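Nothing in this text is a laboratory measurement; each read-out follows from the coordinates by a stated rule. Note that the structure is predicted; figures quoted are calculated from it, not measured. Cβ atoms come from the backbone with ideal geometry, glycine included; neighbour counts cover every protein chain shown.
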Amino acid sequence: MTSPAPFRALGAALILAIGATPAIAQEVNIYSSRHYDSDAELYDAFTDQTGITVNRIEGGADELIARLSAEGDNSPADVFLAVDAGRMSRAEEAGVLQPFDSEVITTRVPPHLRHPDDLWFGISQRARIIFYHEDRVENPPRTYEALTDPEWKDRICIRSSSNVYNQSLLASIIETHGEDAARDWAAGIVDNMARAPQGGDTDQLRGLISGECDIAVANHYYFLRGFDRDISGLTDGIEKLGWIWPNQAERGAHVNLAAAGMTASAPNPEAARALLEFMTSETAQKHFAGQNNEYPAVPGVGLDEDTARLGFFIADSTTPTAAFSRNAKAAQAIFNEVGWD
Ligand code: FE
């Protein structure tokens, strides 16, 4: 992994290169757990607009948080970006983020997709939804709650509880219904599992095609990938899979976020603010969402062609994303109690 030193070196080189006008040599350093080569193009567009150079360090979210903690006040990082709101909360707990005011961001990003104290905001959304096989299910469950109906006994595929996607889903159920009801819900899901949890979200969808299960829970983009490319066990037969946006008549579908915030020790706070605001621009929103068939965080930004296949949906805007981490421990305790591996 690259050390932070090149940031300094690069900054120094830029200042040397332009000699008498060092004020122009602005830069911003981002620690990102997104791994897409094409992000470079987006950051180049930002540089073209603002003259601010973007230096990117990529790594796992937890690794980057540990690095920010270890570097402390000497960290070169200005911006932290993670693809899961739970990770942003870990960054918050580690004290490596600082609140910042931006009218641009508060105007563009809805409140439920922002940290209540403006430590971070969502840049794209992914929904955790219900899939089913059309040959075997006529009336699919329309809500997360309905998944526990005895009708689905031994028919549901869902991955293990060690995965942050399920932890956040259960945390949202705790927030909505309280711990007791959430425990009943989790126990009901365990009762209805077609098999012991195994594999990732794609494997739950594969279970529908193989006939191991009739209902599956997965993030929406794993399904869309089956159209995008040839995914073994999924693409063949994918046209027989249906999907349900859960809880559309009430609180809405459970969503998680990719999110970004300013680091506590940001050496270039103004450049960081400019970059964070740029992330809410239409160009950036289309880029962030389009790459993984996600939904933009900013309302009114169009969907990419593949994501449009699923159409628009009502996202849960009553459960603050910050609740996912607040309830994470309670969720893990419930998973253990009910024997959800
Ligand atoms: Fe994923």
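What the table below lists for this structure:
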{"read-out": "Extended-chain gain in nm, criterion 0.36 nm per residue less alpha-carbon gap, Arg142 and Ile314", "value": "60.6 nm"}
{"read-out": "Cβ-Cβ FRET estimate between Ala40 and Glu250, R0 fixed at 51 Å, reported to 0.05", "value": "0.75"}
{"read-out": "Separation of the Glu305 and Arg326 label points, Cα + 7 Å toward Cβ, nm", "value": "4.3"}
{"read-out": "Residue-span extension gain [Glu179 to Ala196] - 0.36 nm each, minus C-alpha spacing", "value": "3.8 nm"}
{"read-out": "Highest average packing first - 230-243, 79-92, Cβ atoms within 10 Å", "value": "79-92, 230-243"}
{"read-out": "Stretch gain in nm, segment Val104-Gln49, where the contour uses 0.36 nm per residue and the Cα spacing is subtracted", "value": "18.2 nm"}
{"read-out": "Simple Cβ-charge dipole of the stretch 259-331, Lys/Arg +1 and Asp/Glu -1, about Cα centre, in debye nearest 20", "value": "360"}
{"read-out": "Glu239 versus Asn336: modelled label distance in nm, points set 7 Å from Cα along the beta carbon direction", "value": "4.9"}
{"read-out": "The stretch 263-341-the stretch 203-233 distance, computed between alpha-carbon centres (Å)", "value": "22"}
{"read-out": "Expected 222 nm ellipticity per residue - DSSP helices of 4 or more, -39500 (n - 2.57), all of the chain, to 500", "value": "-12000 deg cm²/dmol"}
{"read-out": "Beta bridges per DSSP with both ends in the chain, % antiparallel, nearest 5", "value": "65"}
{"read-out": "Lys/Arg +1, Asp/Glu -1 at C-beta; the chain dipole; positive extreme among Gly200, Val301, Pro141", "value": "Gly200"}
{"read-out": "Within a Gaussian network of the chain (alpha carbon springs, distance under 10 Å), most fluctuating of Phe100, Phe288, Phe131", "value": "Phe100"}
{"read-out": "Over 32 Å between alpha carbons, listed pairs Lys240/Lys286; Lys286/Lys329; Lys153/Lys240", "value": "Lys286/Lys329"}
{"read-out": "Approximate spin-label separation Arg56-Ser162, in nm, with each point projected 7 Å along Cα-to-Cβ", "value": "3.0"}
